[in-house]
Amino acid sequence: MQNAANFIRGSVRLEAVGPYPERFFNILSARGIRFWQAEQLDAATVRLTVARSQAGRAQALGKRCLCEVRRVETRGAAAFLMGFRARYGLLIGMALSLLAVLVLSRFVLVIDITGSTSVPEGVILSELRAAGLELGSYGPAVDERAVSNRMLLAEERLGFLSVNIRGIRAEVVVRDAELPPETEPVGQARDLTAAKAGRVVRVLPVAGQVLIQPEDEVTAGQTLISGTVAVNAGPEDETPMGSYAVRAKGEVWAEVEEQLSAAAPLSGAEKRYSGRVRRELEVNVLGQSFKISPKLFQPFTYYDKIESNWELSLSERLTLPFALTARTWREYMPEEGMPDRQSAQTQVQSALTERLEHAVGPGGQVLAQTWSTQERDGVLTVTLTARCLEQIAQSDTRD
């Protein structure tokens with residue numbers, strides 16, 4: 001403890017040279033100047049340590065005993081810091097580091113979300129931002145309870161949420177809400193109707209009364225499985241005795257004809273870049289943006305704009321609220337061009353194939369397909385006709 005106190009207040013190592021150096025000890029003691037680590041080097045030389053604040057007074061008292069007193073070494077915190085007085089870059093770095101510790105520790109630099117399964121993390125971060133908590137938020141100013149309450153009101157899929165801010169880290173613990181089980185309406189019939197026209201291939205009923213059979217031709221909107229089930233008098237007596245309502249369930253697979261068309265122009269504009277480029281740099285610090293280059297707005301009549309972002313991160317989950325954004329504008333001049341016909345046709349066919357896959361749906365199958373093309377007034381039209389196997393039953397509620 002004493003060594004720590006001596007380091008903080010500082011000390012000076014003195015050397016006294018004279019005919020009677022031991023008298024120097026007596027004078028310091030008589031004047032109340034505390035010293036330690038005294039040693040005699042020879043008959044005319046002694047060394048001792050005094051507090052930095054009393055070193056000048058001790059040197060002046062040396063003349064009274066005919067001794068020459070000089071400083072050998074200066075120790076302590078003040079001497080340590082004085083060693084950096086010529087190293088301005090290091091001093092600035094130390095000052096900035098100290099400022100960063102004192103200031104940045106008051107801001108939220110990490111948001112750690114745990115426990116969410118049904119709600120995407122991006123949705124939670126967006127709602128937290130709207131509630132007043134985001135990267136760069138001033139921690140002491142964030143009302144954790146208010147943020148939690150607002151989040152629970154905004155997101156019904158969350159049953160519990162707590163926010164705890166500890167230094168630069170905000171811990172967000174969430175739990176999914178326990179939704180009530182889905183119940184079927186009582187006394188309400190729900191039919192399965194045909195979403196598309198086609199020829200029925202197979203029927204897989206689960207609940208309800210089947211109204212169609214394989215090989216039947218059905219039209220769009222026709223009832224396939226009724227939610228109103230008739231009750232007969234007996235197995236052999238079909239006299240209706242009444243009916244009851246259910247939610248019809250099942251699958252009906254049918255052969256459906258799909259016809260899709262798309263067009264593409266055979267003439268259009270092409271880009272010829274002039275080589276002129278403009279750039280804009282922007283720094284984002286704690287959610288505030290600062291331009292470090294002249295602000296640009298539509299520098300050219302025709303241009304491509306490219307934006308690149310770099311964030312400062314210490315690890316995969318620790319991203320600091322410091323980012324650099326660079327925007328680049330490249331000028332071009334539009335020129336009339338003639339695209340390759342085969343390339344245009346290939347692109348249109350690829351788009352129609354994706355549309356057909358979406359139309360067929362899960363489990364569906366394309367049984368046969370034909371293509372036809374037509375060119376008129378500089379426009380290429382491609383038509384896809386396909387015979388597909390699809391599940392066409394869809395739910396239809398009746399009051």
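The values are calculated or read from the model by the stated rules, or taken from the named source; none is laboratory data. Here the structure is a predicted model, which means the values were calculated and not measured. Here Cβ is always computed from backbone atoms with ideal geometry, including for glycine, and neighbour counts include all displayed protein chains. Side chains included, ligands, DNA and RNA excluded: accessible areas come from the protein's heavy atoms. Shrake-Rupley method; radii C 1.70, N 1.55, O 1.52, S 1.80 Å.
Some values worked out for this structure:
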read-out	value
Filter result for Arg71 (modelled with pLDDT of 85 or more, open to solvent by less than 80 Å² (accessible area, probe 1.4 Å) and not in a loop (DSSP other than H, G, I, E, B))	no
All positions within the range 292-310 that are open to solvent by less than 90 Å² (accessible area, probe 1.4 Å) and closer than 16 Å to Phe322 by Cβ	Ser308
Selection within the range 124-144 - assigned to a helix (DSSP H, G or I), charged (D, E, K, R) and touching a residue at least 12 places away in the same chain (Cβ under 8 Å)	Glu127, Glu144
Of the criteria (1) free of Cβ contacts under 8 Å to residues at least 60 places away in the same chain; (2) more than 40 Å from the chain's Cα centre (by Cα), which one Thr381 fails	(1)
Test result for Arg64, open to solvent by 90 Å² or more (accessible area, probe 1.4 Å) and either at pLDDT 75 or above or not in a helix (DSSP H, G or I) (or both)	yes
Residue in the range 37-53 that is without any contact (Cβ under 8 Å) to a residue 12 or more places away in the chain, in a helix (DSSP H, G or I) and not hydroxyl-bearing (Ser, Thr, Tyr) present	no
Any strands (runs of 3 or more DSSP E) falling wholly within the range 300-399 and containing at least 1 residues that are at pLDDT 90 or above and closer than 30 Å to Gln222 by Cβ	365-376, 379-391, 393-397
Boolean, Leu152 is free of Cβ contacts under 8 Å to residues at least 24 places away in the same chain and surrounded by fewer than 19 Cβ atoms within 10 Å (Cβ to Cβ)	yes
Exclusive hit being loosely packed, with under 15 Cβ neighbours inside 10 Å, basic (Lys, Arg), modelled with pLDDT of 85 or more and under 47 Å from the mean Cα position of the chain (by Cα), set Arg190, Arg145, Arg202	Arg145
Subset of the range 1-36 (residues that are at pLDDT below 85 and closer than 18 Å to Arg75 by Cα)	Met1, Gln2, Asn3, Ala4, Ala5, Asn6, Phe7, Ile8, Arg9, Gly10
Restricting the range 164-175 to residues that are under 12 Å from Asp112 (Cα atoms) and over 18 Å from the mean Cα position of the chain (by Cα), the residue that is least open to solvent (accessible area, probe 1.4 Å)	Ile165
Criterion (among the small types (Gly, Ala, Ser) and open to solvent by 50 Å² or more (accessible area, probe 1.4 Å)) met by exactly one of Ala51, Ala55, Ala38, Ala44	Ala38
Extreme residue, farthest from Ala393 (Cα to Cα), among residues of the range 207-221 that are surrounded by 15 or more Cβ atoms within 10 Å (Cβ to Cβ) and modelled with pLDDT of 90 or more	Asp216
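Condition check ((1) open to solvent by less than 60 Å² (accessible area, probe 1.4 Å); (2) in contact (Cβ under 8 Å) with a residue 24 or more places away in the chain; (3) more than 37 Å from the chain's Cα centre (by Cα)) across all residues:
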| position | (1), (2), (3) |
| --- | --- |
| Glu331 | yes, yes, no |
| Thr346 | no, no, yes |
| Gly361 | yes, yes, no |
| Leu367 | no, yes, yes |
| Leu389 | yes, yes, yes |
